[in-house]
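This report concerns only the one structure given below.
Rule-based calculations on the coordinates, nothing more; no lab input. Small disclaimer: the values here were computed from a predicted structure and weren't measured. FYI the Cβ positions are ideal-geometry reconstructions off the backbone, even for glycines, and counts take in every protein chain you see.
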Amino acid sequence: MQGIPQPAYYMFMCSVERPPQFPKPSCVNESNRDLHQYTAQKMMEKGIMQTVQPVQAGCLNRCNVGPVMLVEPGHHMYVQLDKAKIDRIIEEHMLGGNPVEEYIIPDMMWGEAIKPADAAAMMAGR
Ligand code: FES
């Protein structure tokens, strides 16, 4: 018996909108509020909604280069998104399997992950 297929990809799109006077920038503002809906609509048009799962996410802590979207698997963080970039990401990454390298966050803003066990040891002073 075959189970319910898991998604091939998850797209975690930051959906945080802070007030304009807030000192920290946010990914969503008046000019791009429809980006998540646009993404879902494009995926429906391409017929991939059953295997690519868009997720409205909270702050992914890269607010200065928003709007951002993390694609899993692969840990690919896309930055400064707009509709044209979404189109290419769907076409080349979701359908083609090739991440769009030029839209991915620079290495200096996306260093190696800290292993949870190492973080716990640091907190414990070990
Ligand atoms: S508000 Fe989007 S990453 Fe922080």
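With the convex hull drawn around the C-alpha atoms of segment 9-123, the volume per residue stands at 122 Å³. About its Cα centre, the dipole of segment 8-81 is roughly 120 debye, where the only charges are +1 on Lys and Arg Cβ and -1 on Asp and Glu Cβ.
Each Cα pair under 8 Å and six or more residues apart adds its sequence gap; the mean of these over the residue count of the chain is a relative contact order of 26 percent.
Would you mind checking Lys24/Lys85; Lys85/Lys115; Lys46/Lys83; Lys46/Lys85 for any pair whose Cα atoms are more than 20 angstrom apart? Flagged as over cut-off: Lys24/Lys85; Lys85/Lys115. Evaluating 6.51 cos²θ - 1.76 cosθ + 1.60 at θ = phi - 60° for every residue in segment 74-79, the Karplus couplings come out as x, 6, 8, 9, 8, 10 Hz, glycine and proline recorded as x.
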